[in-house]
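Working notes, structure below.
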Amino acid sequence: MRTLAGLALAFALSSAAILAQSGIRINAQGTFTDVGVWMYRTDDNKYRNGDGVKGTNETLVMPSPSPQYGETLVGITHIHHERDAMGYPVHISLIEKAFANLHKVQFFSSGSTMLWQYDAGNPFGRETGVAKDPARPDPLQDFKLTGPVPADAPMPPEYQDAVAYLKGALGSIENLPAAQKDLSNYVVMFAETNDTIWMEIAPNSAPGEAIHLGCQMQNGRDMVFGYQKKAPTRKHGGPWIQCF
């Protein structure tokens, strides 16, 4: 039986997190290999991982689950390329959580320091760290979570400046199609820490489009923008995770 650790060692690649600046571009470092793995519970109450399915950080399309006789589909793991969350306290993306809810399974997301779990049906901000590398600690942070809400809806008054920054930063991405810069295509979730208001935006599915893993959908991309509360300049001064 293949282990998740073995799959992660086989497929992990280097970081794709990028700081926002003037003239930012999607995939400035190229695309990266990600892997998806279905998980099944056997009839003797043990667990089996399916074969790893390769895709990219842009698009990772899973085949239909294929449980063997007596097995039940219970989970999926997204094994990410190496990435730097830059302080963003949420570890499983909105698209990944939507995928888990669609298939009614547990979702596991492997990062460089921890395996994170989300259970279908839970609030989008609820995650659990289930395996940790003690040599590379990733401490949990206290943060205030709001949303997700439609990104073109009235925003909480305390986030008006952050949303204005989000609009400017989104508009500055040179190689993002104009249609994918329209906030009416997105939902937004706010995660406020002591020094940053983080905004994760995730696109709504287009008509007939199936939710898949990876950040790119027809209407837009899952991305994270950080509005630093005490930044000396806000024009392009916040962190940006281009493909969460």
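Points to keep in mind about this one:
- Charge sum, other residues only, whose C-beta stays under 13 Å from residue 63's C-beta, Lys/Arg counted +1 and Asp/Glu -1: 0
- For the range 171-244: Kirkwood Rh in Å [reciprocal of mean 1/r, alpha carbons]: 13.3 Å
- Sparsely packed trypsin sites (Lys or Arg not before Pro) within the range 24-72, loop by DSSP, other Cβ within 10 Å at most 15: 25, 46
- Each part reduced to its alpha carbon centroid, the range 164-193 and the range 50-99 end up 24 Å apart.
FYI, it's all coordinate maths here, none of it is from the lab. These numbers were taken from a predicted model, which means no experiment stands behind them. Because the Cβ atoms are built from the backbone with ideal geometry, glycine has one as well, and the counts that use them run over all protein chains shown.
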